[in-house]
Amino acid sequence: MKSTIYKIAMFTCLSASVFSCSLDEYNPSDTSGGEELKTVEGLKQLGTYCYTPLYEQLFSASDYLSVAEAGTDIWLTQNNKTNTQQLFYYEGLTTSTNGTNKLFNQAYTMINTCNAVINRADEVTSGDINTLATVVAEAKCLRAYYYLVLVTQYGNVTLTTTESSQNPVMNPERSTVEDIYALIISDLKDAADVLGVAPMDGNYARVSKKTALGLMARAYAQGAGEGLSENGVSYWQRAKEVAEDFITNQSAYGAHLYDDVADVWNQANNRDNKEALFVASGPQAGTDAYIYGYNSNTLFTYTFCDPNQLSDIYPVASRNNYYYGRVNNNLYAPSKYLIDCFDATYDKRWENSFTTAFSLFSMVQVGWRSYEDSNATITLTEALCTKYGINTEFVGKKIYPYVDVNAINLGSNGGNQYVASVWPKGNYSGSIANLEKVKNVYATPYPLAEDEDRFVLYLSKDYLSAEEKAKRPYICVNIDDLFKADGTYVETFIDEAQTRTYTQYPSLNKFNFNFEGGFNGSNLQRKTGDMFIMRMAEIYLIAAEANVQLGNGSAAAEQLNVLRKRACRNAADFDAHMKLTTATENDIFDEYARELCGEFSRWALLKRHKAFETRLSAYNPRAAQSFSEKNYVRPISFTFLSQIENADEYGTNGY
């Protein structure tokens with residue numbers, strides 16, 4: 001199957017590079033490709049290729065994340081780094097900036113493939129007609145998705161619905177935003193009418209009816225920010241209608257919202273997650289069922305800090321960290337605003353989004369590291385206590401591993417799988433019979449107990465006084481102390497001993513997978529779990545967002561309360577501490593931050609509310625200094641401009 005896809009892709013000028021084709025590229029050179037595409041099976045395989053960049057690039061590498069999440073109010077760089085300033089802070093953003101340049105071409109390349117599938121359907125002479133209809137509907141759904149990415153990020157680009165070989169365009173013209181959204185909505189309506197509740201072949205990685213409906217709600221909301229309407233009805237009203245129908249009839253559409261937010265991030269639920277509406281499916285160990293997921297995921301390495309910076313008390317080099325993985329890129333650090341959005345006393349989305357307590361690990365199950373190994377269990381010395389501000393009364397006390405990491409070998413098709421289990425607090429036997437499975441080993445206990453002895457470092461959301469720290473046998477860093485007065489991260493030492501604790505930060509754990517089949521063998525820098533492109537929680541957020549825009553704050557509050565209630569740590573606390581009676585635009589911003597931080601949605605949200613100026617000045621002052629009106633659209637790709645004949649006329653979007 002895979003070889004057939006590559007063969008067909010070659011005929012469409014896609015095999016050489018997923019992100020290098022321009023709108024005019026397509027020059028079939030082998031008639032057998034054309035004949036193969038006249039069968040349902042051949043066209044279906046080309047349709048499968050339309051999924052290629054989702055996991056190979058967009059949702060596994062850092063480029064699209066930097067376009068979709070950076071430069072907003074919720075992310076800063078670790079210690080105010082300056083090597084990624086183009087997208088984080090709008091400093092020096094150009095047509096050749098890697099993230100925006102690649103995204104433009106990746107999306108258009110796949111649109112061309114979608115167009116080929118849609119246009120060639122009439123030429124199919126053999127195969128099941130119902131399957132053919134589904135193949136076309138999938139292509140329309142994916143084309144709509146890629147166009148939504150383009151129009152959101154780049155504005156009024158060129159709308160094309162034909163294969164470039166059939167209509168080569170060397171002097172493309174820009175289309176209106178209205179026309180692009182009209183095609184997006186039309187494609188999604190067509191797809192929703194045809195696609196089944198169950199995906200084709202039972203493959204959850206394919207789009208289905210719920211995908212089309214979810215993207216339709218998202219498209220209406222994004223288009224509403226452009227002031228669009230449909231038949232005299234505002235896009236906000238349409239977004240409300242689609243989202244509320246989806247919520248009311250979610251079971252009929254095959255959609256689901258977990259009752260407990262922890263189940264969204266339960267490692268056992270990563271594959272075929274019930275809340276997912278649309279996923280980028282990672283390659284599964286030992287199987288070729290997900291034929292377009294060739295690459296693996298490095299995003300966790302950008303969103304996690306590296307506790308090995310404290311190497312004397314955390315003596316595990318990042319390259320050998322079988323628990324966290326090789327977390328050596330250390331870039332995306334949550335803003336003070338994002339951290340403050342969470343009232344962690346009541347909202348367990350805090351630890352299900354961010355790891356703030358860091359531990360060593362044993363490997364007793366596989367025999368690689370004993371429970372008492374010096375790299376698993378640390379004995380506090382006077383020097384360590386003095387250096388890190390730990391009460392010297394704890395000299396001689398041991399800090400034990402929180403987890404034991406197994407190494408399950410799946411052979412040549414899967415390699416080692418480093419699955420972690422938890423050592424129960426207070427049990428020091430080192431017997432694997434006592435190990436416990438938890439939903440997510442990176443969602444560490446909150447609040448961390450004073451007598452906890454399984455963690456070496458704790459980043460405390462609640463400010464701990466010197467007296468409170470003195471009761472704890474581990475390093476305590478107040479998260480507030482990691483920030484300067486202007487809300488940016490500190491760039492140097494925050495303690496008298498000049499330790500490297502300032503390099504640590506609350507670490508997004510949504511991309512750090514720990515389940516059998518979630519690892520790329522022994523490559524600790526790559527994992528293979530599925531990524532959400534859209535999930536059911538976003539439908540509730542869109543419904544609430546639309547209601548606020550339409551002046552119905554009470555209805556919006558009811559929709560937000562569904563998400564807040566399932567996130568409430570103790571049900572008895574909901575009415576007094578988390579329940580809303582009405583909702584404002586700021587409530588919408590806050591709830592999106594709590595629920596979807598890191599999930600490729602923040603830049604689009606701020607754009608559709610024209611909120612960059614106010615939000616950045618309040619929460620990302622460095623970005624605010626450089627942001628200007630032109631930054632509401634991204635620079636047109638240099639690669640694209642260098643291949644067309646009217647680059648000057650087409651323009652760069654002001655860059």
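Residue-by-condition table, conditions (1) farther than 26 Å from residue 87 by Cβ; (2) assigned to a loop (DSSP other than H, G, I, E, B); (3) not small (Gly, Ala, Ser); (4) not assigned by TED's automatic domain parsing to the domain that holds residue 456:
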| position | (1), (2), (3), (4) |
| --- | --- |
| 262 | yes, no, no, yes |
| 268 | yes, no, no, yes |
| 278 | no, no, yes, yes |
| 312 | yes, yes, yes, no |
| 319 | yes, no, yes, no |
| 326 | no, yes, yes, no |
| 339 | no, no, yes, no |
| 350 | yes, yes, yes, no |
| 366 | yes, yes, yes, no |
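Listed residues 521, 517; which is on the phi > 0 side of the Ramachandran plot and within 21 Å of the chain's Cα centre (by Cα)?
Checking each option against the conditions leaves just 517.
Any chance the range 291-306 includes a residue that's modelled with pLDDT of 95 or more, part of a loop (DSSP other than H, G, I, E, B), touching a helix residue (DSSP H, G or I) at 6+ places or on another chain (Cβ under 8 Å) and over 30 Å from residue 369 (Cβ atoms)?
No - not one qualifying residue is present in the range 291-306.
Condition first: among the charged types (D, E, K, R), buried (at least 23 other Cβ atoms within 10 Å of the Cβ) and assigned to a loop (DSSP other than H, G, I, E, B). Now tell me which residues in the range 514-566 satisfy that.
Answer for the range 514-566, where residues must be among the charged types (D, E, K, R), buried (at least 23 other Cβ atoms within 10 Å of the Cβ) and assigned to a loop (DSSP other than H, G, I, E, B): just 530.
Please work out which residue is modelled with the highest pLDDT, limiting yourself to the range 24-72 and to residues that are closer than 29 Å to residue 171 by Cβ, part of a helix (DSSP H, G or I) and more than 32 Å from the chain's Cα centre (by Cα).
My answer is 34.
Tell me which of these residue 112 doesn't satisfy, since it passes every other one: (1) modelled with pLDDT under 95; (2) buried (at least 24 other Cβ atoms within 10 Å of the Cβ).
(1)
Please specify each residue of the range 356-392 satisfying the condition of being surrounded by fewer than 18 Cβ atoms within 10 Å (Cβ to Cβ), touching a residue at least 24 places away in the same chain (Cβ under 8 Å) and farther than 24 Å from residue 446 by Cα.
Listed by number, the residues that qualify are 365, 366, 368, 370, 372, 374, 375, 386.
Rundown of residues vs (1) over 28 Å from the mean Cα position of the chain (by Cα); (2) crowded, with 21+ Cβ neighbours inside 10 Å, yes/no style:
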| position | (1), (2) |
| --- | --- |
| 428 | yes, no |
| 431 | yes, no |
| 442 | no, yes |
| 450 | yes, no |
| 472 | yes, yes |
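Exactly one condition in (1) polar (S, T, N, Q); (2) closer than 22 Å to residue 235 by Cβ; (3) free of Cβ contacts under 8 Å to residues at least 12 places away in the same chain is not met by residue 498; state its number.
Failing condition for residue 498: (2).
Can you find a residue that is more than 30 Å from residue 82 (Cα to Cα) and in contact with an Asp or Glu (Cβ under 6 Å, 6 or more places away or on another chain) anywhere in the range 341-348?
yes
Kindly provide the set of residues from the range 456-486 that are over 16 Å from residue 395 (Cα atoms) and part of a loop (DSSP other than H, G, I, E, B), ordered by number.
Matches in the range 456-486: 461, 462, 463, 464, 465, 484, 485, 486.
The values are calculated or read from the model by the stated rules, or taken from the named source; none is laboratory data. Every value quoted in this text rests on a predicted model; they were computed, and no experiment measured them. Methodologically, a virtual Cβ is constructed for each residue, glycine included, from the backbone with ideal geometry; neighbour enumeration extends over all protein chains shown.
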